[in-house]
Ligand code: G4P
């Protein structure tokens, strides 16, 4: 994957932009926190924890949403590890936000998959993995909670290979488990890594050895456990595929590290793995050509918009993944969709606990651009070239409800609020061509509650969500005359989305099939490319 690519300037080559995916409770927050700790971005463990806990209950979740400052700075975090610059992009934890997660994954070059050593591959892990697979993202695996009773190591590896259809190669091998867990044998560097149980934030001892016959091993590992380790590693070398960076980079193999995030164990090795074996910033596709990170002109795209971080000022931050070039503060970039230049005078880089104005950024980095609504998800910024990055889809929502303002005179205000959320990507908003009210579509039911609470909080507008007569939405495309015909004869089913694009609403799959059968020039699709 990298071999036939041009050599990147060192500033770009040292960047690693990735996300962490996991099933809730596997330890993503704890791992993130340890990354920040070892990356020097926070001084003390515990600063991110509060957020992880807040995520657990609905009411706390709303509270967190109110405190948007925290959630926005945690959406993308930059920190240094050794000579590398890590950009860690947060994926929303709740399964109701899978669309947001999907978009986030278009902005990264790799993912770390965290699994719980006792639970193995869980439903949400599997779903997120499938999304990574669609883009052949390289995936590093971290098997967490080895300080607790966990499954047999071979069993865990087999489960990943079978459920996710990917080759797994052990980067480390655990020594003991639960109470007896001592640490790991680093299979790639022939080292013994020992866990420090006394201090959770300290990294334990690392002992360089020369193979599993090294007499030094006996000083650290009881005889019976050493015997088991030797047998297991020998078996693993025989039965499991050997590490191959090429295969890791093309997404067909995942190296697995074993550890305990809460005990800071295995985290450094995982970070070193991301630095050493993870991908450099990758080329990205546009509607006209592929853009390489080494290109000198700046390009980038918006993959996330967070609005109303401060309810008093209606500001928004657009998260931009830089695809190429060296960005400098004050640059004028072409906003391709509207065809106008835009001065980027106050870009922010997201350091762990704060957002900071940044003077420069490179391909691979994520910058935040505060704006008043000009930037939307999917927008492309360039130094003039009229290209559009492709690949950010918009999914048809799975749940539809009608939204009405508590006070009917406030319908215009409601429209404004809903459009803003639609642009932010928090919901789909459809305006029916006949009748009043708006139809709001989401992927998970919790989003209705979050929306109602945000509309009230940020716009002072109490709203009601009511069951809608429709259950499915499809975007309409095709030959103009054929589309017009469909629109004219199905008026009560037609609406427009926030971009003004035509949508067909129905309760019956049968209706969708019928239209496609009767009007061959028309297509009804469940996704729309936002860029
Ligand atoms: P998440 O973001 O993936 O949802 O997981 P999070 O890090 O919040 O961790 C979920 C729970 O697992 C937390 O326990 C956390 O302390 C625990 N945990 C994380 N890593 C390890 C580990 O290596 N070993 C063990 N034994 N536990 C781990 P909790 O009880 O929900 O919260 P807390 O009371 O510990 O804060």
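The values are calculated or read from the model by the stated rules, or taken from the named source; none is laboratory data. Just so you know, these numbers come straight off a predicted model, no measurement behind them. Methodologically, a virtual Cβ is constructed for each residue, glycine included, from the backbone with ideal geometry; neighbour enumeration extends over all protein chains shown.
Could you grab me the full set of residues in segment 508-531 that are out of contact with any helix residue (DSSP H, G or I) (no Cβ under 9 Å at 6 or more places or on another chain) and crowded, with 18+ Cβ neighbours inside 10 Å?
Within segment 508-531, 528, 531 qualify.
Determine whether segment 196-204 contains at least one residue that is in a helix (DSSP H, G or I), out of contact with any helix residue (DSSP H, G or I) (no Cβ under 8 Å at 6 or more places or on another chain) and surrounded by 15 or more Cβ atoms within 10 Å (Cβ to Cβ).
There is no residue in segment 196-204 that is in a helix (DSSP H, G or I), out of contact with any helix residue (DSSP H, G or I) (no Cβ under 8 Å at 6 or more places or on another chain) and surrounded by 15 or more Cβ atoms within 10 Å (Cβ to Cβ).
Here is a check on your reading of the model: is residue 415 under 17 Å from residue 307 (Cβ atoms), out of contact with any helix residue (DSSP H, G or I) (no Cβ under 8 Å at 6 or more places or on another chain) and surrounded by 20 or more Cβ atoms within 10 Å (Cβ to Cβ)?
The answer is no for residue 415.
Working only within segment 486-501, note down all residues that are buried (at least 16 other Cβ atoms within 10 Å of the Cβ) and more than 21 Å from residue 443 (Cβ to Cβ).
Hits for segment 486-501 are 486, 487, 490, 493, 494.
What's the number of the condition residue 48 fails, among (1) surrounded by fewer than 19 Cβ atoms within 10 Å (Cβ to Cβ); (2) within 16 Å of the ligand (Cβ to nearest atom); (3) modelled with pLDDT under 75?
(1)
Residue 55 versus (1) modelled with pLDDT of 75 or more; (2) closer than 30 Å to residue 456 by Cα; (3) within 13 Å of the ligand (Cβ to nearest atom): which is the lone unmet condition?
Result: residue 55 fails condition (1) only.
Which is at positive phi and buried (at least 22 other Cβ atoms within 10 Å of the Cβ), of 364, 384, 373?
364
Across segment 439-448, what is the total count of residues that are surrounded by fewer than 22 Cβ atoms within 10 Å (Cβ to Cβ) and modelled with pLDDT of 85 or more?
Counting residues in segment 439-448 that are surrounded by fewer than 22 Cβ atoms within 10 Å (Cβ to Cβ) and modelled with pLDDT of 85 or more gives 1.
Condition check: assigned by the TED database to the domain that holds residue 261, at pLDDT below 95, in contact with a helix residue (DSSP H, G or I) (Cβ under 9 Å, 6 or more places away or on another chain) and more than 16 Å from the ligand (Cβ to nearest atom). Does residue 103 satisfy that?
no
Residues of segment 329-341 being modelled with pLDDT of 95 or more and under 27 Å from the mean Cα position of the chain (by Cα), which ones?
Correct list: 333, 334, 335, 336.
Look through segment 107-148, keep the residues that are near the ligand (Cβ under 10 Å from one of its atoms) and in a loop (DSSP other than H, G, I, E, B), and return whichever of them is nearest to residue 196 (Cα to Cα).
This residue is 147.
Is it true that some residue in segment 463-477 is over 32 Å from the mean Cα position of the chain (by Cα) and assigned to a strand (DSSP E or B)?
no
Look at residue 5 and say whether it is at pLDDT below 70, farther than 30 Å from residue 284 by Cβ and not assigned by the TED database to the domain that holds residue 448.
no
Kindly list the number of the only condition in (1) more than 10 Å from the ligand (Cβ to nearest atom); (2) modelled with pLDDT of 55 or more; (3) touching a strand residue (DSSP E or B) at 6+ places or on another chain (Cβ under 9 Å); (4) within 30 Å of residue 325 (Cβ to Cβ) that fails for residue 74.
That leaves (2) as the condition not met.
At least 1 residues that are over 24 Å from the mean Cα position of the chain (by Cα) and at pLDDT 90 or above in each: list the strands (runs of 3 or more DSSP E) lying fully within segment 368-424 that qualify.
Where strands (runs of 3 or more DSSP E) fall fully within segment 368-424 and carry at least 1 residues being over 24 Å from the mean Cα position of the chain (by Cα) and at pLDDT 90 or above, they are 399-405.
If you check 505, 457, which single one turns out to be touching a helix residue (DSSP H, G or I) at 6+ places or on another chain (Cβ under 9 Å), modelled with pLDDT of 90 or more and outside the structural domain of residue 103 (by the TED database)?
505
Here is a check on your reading of the model: is residue 28 within 13 Å of the ligand (Cβ to nearest atom) and modelled with pLDDT of 65 or more?
It is true that residue 28 is within 13 Å of the ligand (Cβ to nearest atom) and modelled with pLDDT of 65 or more.
If you take the residues of segment 265-276 that are in contact with a strand residue (DSSP E or B) (Cβ under 7 Å, 6 or more places away or on another chain) and in a helix (DSSP H, G or I), which of them is farthest from the ligand (Cβ to nearest atom)?
275
Restricting to segment 149-173, give me the number of residues that are within 16 Å of the ligand (Cβ to nearest atom) and surrounded by fewer than 17 Cβ atoms within 10 Å (Cβ to Cβ).
The qualifying residues number 1.
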